[in-house]
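Enquirer: Got a structure for you, questions after.
The values are calculated or read from the model by the stated rules, or taken from the named source; none is laboratory data. Note that the structure is predicted; figures quoted are calculated from it, not measured. In this analysis, Cβ positions are derived from the backbone assuming ideal geometry, glycine residues included, and neighbour counts consider all displayed protein chains. Surface accessibility is based on the protein's heavy atoms, side chains included, excluding ligands, DNA and RNA. Shrake-Rupley method; radii C 1.70, N 1.55, O 1.52, S 1.80 Å.
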Amino acid sequence: MRVGFIGLGLMGTPIALNILRAGFTLTVWNRTKAKADPVVSAGAIWAASIGELSRQSDVILTMVTDAAASEVVISGADGILAHAAPGTILIDMGSIAPEVSRMIAAHAKDRGVAMLDAPVTGNPKVAEAAKLGIMVGGEADVLARVRPLLEKLSAVIVHAGPSGAGSTLKLVNNLILGVAIQAVAEALVLARKAGIDADCVRQITSVGGARTGAMETRGPRMIAHDFSPHFSADNMHKDLSTALKLADAVGAAAPVAAAALEILRAARAQGKGEMDSAVVYMIIEQLSGLGPKIAAPAAE
């Protein structure tokens, strides 16, 4: 199985390195060539273009920033589908809207290419450890053919249903995560305002019903004011916005997610969109009188 990989960012690079470690022949392409250096140094083949990569690969994985990027890389005039041979399997691991996944899958089918939408859950360290959760939409027999590859990257693979179902499950997953991060931020600020050391909250929630991955991964970074990006506020805003559009389309209420989205919107308005989504903590600090003070207007 010759594997191609496009999109060597924070998540794509460790995934690509694990493909190499598993013994697959790997060809890579990235818009910024320098970002491919660690993977090429580890043994991957650099492709000069998407077309070159597509012609040399039996299975192609993409992990790019958003739906617009997926459409360009896959369906663009010089994208994957313009060059891939019939029988190629395409695995889009980006987080995009379900309707976009279904549209791209239909286009791929017209070209004789099978597509799976397969977004992931986990951070770069989880990706490095090959413990990702992978949510898959598409045909079961196509998944069966690439399962040996995906198993080298993951702890859990969930086949959610037909095309678009993987992208839908990703939105559901990230709705939970976005709300949980917001709850952690509010709890830590409340503790501080009430005179409780924020680290006490982290310690006590390591056991019992309030235990959450959001506290375990984001809590210490909030306390330390470390908002270096693992999953940015921009990306969380994108996913919650799309989740709420889905909720509207299917008639599901999501009031808490809507509130979390407003705080993310405020973070982005302050220029914090590229920081980690845990930066909502700073917004809650400000709203609670712990952040930078806003000067009162001068008396006339």
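Enquirer: Just want to confirm a number: the relative contact order over the stretch 172-221, from Cα pairs under 8 angstrom separated by 6+ residues, in percent. Show your work: numbers first, answer last.
Expert: On the way: 30 pairs, mean separation 20.0, N = 50.
Computed value for the stretch 172-221: 40 percent relative contact order.
Enquirer: Calculate the spin-label point distance for residue 66 paired with residue 49, positioning each point 7 Å from the Cα along the beta-carbon direction, and give it in nanometres.
Expert: Going by the 7 Å Cα→Cβ label model, 2.7 nm.
Enquirer: Cut-off under 18 Å on the C-alpha distance; same-chain residues fewer than 8 positions from residue 35 excluded. Which lysines are left, in chain and number order?
Expert: The qualifying lysines are 125.
Enquirer: May I ask you to list the aspartates and glutamates whose Cα is less than 14 Å away from that of residue 170, ignoring any residue fewer than eight positions away on the same chain?
Expert: Candidates past the 8-residue exclusion: 66, 92, 99, 117, 239.
Enquirer: Another question, if that's okay. Taking the 0 to 90 degree range and rounding to the nearest ten, how far is the long axis of helix 233-250 tilted relative to the main principal axis of the chain, both from C-alpha atoms?
Expert: Roughly 80 degrees, rounded to the nearest 10.
Enquirer: Pull up the DSSP beta bridges for the stretch 1-133 and report the antiparallel fraction as a percent, rounded to 5. Walk me through the intermediate numbers first.
Expert: Working: 1 of 20 bridges.
Here the share of antiparallel DSSP bridges comes out near 5 percent.
Enquirer: Provide the percentage of antiparallel DSSP beta bridges, counting only those with both residues in the stretch 107-234; round to the nearest 5. Walk me through the numbers on the way to the answer.
Expert: Values: 3 of 9 bridges.
Taking every DSSP beta bridge with both residues in the stretch 107-234, the antiparallel ones total about 35 percent.
Enquirer: As I understand it, the dipole of the stretch 80-228 uses +1 on the Cβ of Lys and Arg and -1 on the Cβ of Asp and Glu, about the Cα centre. Which of 214, 83, 171 lies farthest toward its positive end?
Expert: 214
Enquirer: Carbon-plus-sulfur fraction of the accessible area of the chain, 1.4 Å probe, in percent? Don't skip to the answer; put the middle values down first.
Expert: Numbers: 8040 of 13940 Å².
Its accessible area is 58 percent carbon and sulfur atoms.
Enquirer: Measure nothing fancy, just the Cα-based angle from helix 12-21's long axis to the longest principal axis of the chain, in degrees from 0 to 90, nearest 10.
Expert: 50
Enquirer: Follow-up question, since we're still on this one. Identify all aspartates and glutamates with a Cα-Cα distance to residue 33 below 18 Å; exclude those on the same chain that are fewer than 8 residues away in sequence.
Expert: List returned: 52, 78.
Enquirer: What pairs from 109/272; 245/272; 109/152 go past 31 Å between their alpha carbons? Present the calculation step by step, with values, prior to reporting the outcome.
Expert: On the way: 109/272 40 Å; 245/272 23 Å; 109/152 26 Å.
Distance filter (> 31 Å) returns 109/272.
Enquirer: Okay, next question. Roughly what % of DSSP beta bridges within the chain run antiparallel, to the nearest 5?
Expert: 15
Enquirer: Cα axis of helix 255-269 to longest principal axis of the chain: angle in degrees, 0 to 90, nearest 10?
Expert: 90
Enquirer: At 1.4 Å probe size, what's the solvent-accessible area of residue 146? Round to the nearest 10 Å².
Expert: Residue 146 exposes around 0 Å² with every protein chain in place.
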